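Before any comments, here is the structure.
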Amino acid sequence: MSFVRVSSCIAGLAMFFGLIAGAAAQDHPAFMRVTGKTSQPVGHFELCSRMPVECNEITRNTAPVHLTVTRWNELIAVNDNVNTAIEPVTDQELYGREEYWNYPEDGKGDCEDFVLLKRRELIEKGWPAGSKIKLWGDTEYQFVKRQSDQNSGRWVSIDDDRPTLVGSIKR
C-alpha cells in the first residue's frame, strides 16, 4: 500500500469519525468552521440507502474522550488489526465500479471500507461516534467537507483557509 493511499485512509478515518476537531492554536480557531450542509459523497449516499442504521447515529455526548493508556492501546490495536487483516484493493477491482462503500467482509477493501470496519469495531468497544481527538489544523490535509459530528447522515462543508499545497509531476 503506498504512502499516499495509507495517508488517505488515515485522513478518511479521521474524517469519517469527525475526530479531527480543532486547529493549530496560534493560527486557527479551536474547531473547524462549518459553513453549512453540503453534498454527501456518492459512496456514502449509497451506503446509507443500503444500510440506513449506518447513517442514523446521532452523537449525544460530544465531550472529548479521556485518552487513557488502555484507550490508546485499544485505538492502536483496532487500527493495526484492520490494517493487517484487510487486503487493499480498489472498488473497481472488487466491485467493478469506481466508488462503493462497504464493510470488507471478504477480507478485501479500499480506504472507506477500512474506515467503516475501524469505526464499527471502535463503537463496539464503547468509543463514541463523534469523539474529538486531534487538532485538524495540525494535519497536512486540506479539508473540504466532512460527516457531521451530530448526525451521521449529513455532511457539512469546511471553511479551511490554510494555503493549499498543490503538486504535479511532468511525464
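Coordinate-derived values only; no laboratory data. On a predicted model such as this, the values are computed, not experimentally measured, just so you know. Here Cβ is always computed from backbone atoms with ideal geometry, including for glycine, and neighbour counts include all displayed protein chains.
Annotations
- A crude spin-label estimate for the pair M51 and N83, with each label 7 Å from Cα along the Cβ direction, gives 2.2 nm.
- Two-site label geometry, N73 and D106: point separation in nm, points 7 Å out along Cα→Cβ: 3.7 nm
- Between K145 and I158, the built amide H atoms are under 5 Å apart, and every one of these is 5 or more places off in sequence or on another chain.
- A protection proxy built from the mean count of other Cβ atoms within 10 Å ranks the segments 115-123, 77-85, most packed first, as 115-123, 77-85.
- Additional length obtainable on full extension of the chain from Q150 to I58, 0.36 nm per residue less Cα span: 32.6 nm
- Each of E121 and Q142 was given a label point 7 Å from its Cα along the Cα-to-Cβ line. The distance between the two points is 3.3 nm.
- Neighbour counting of Cβ atoms within 10 Å sorts the residues L67, L75, fewest neighbours leading, into L67, L75.
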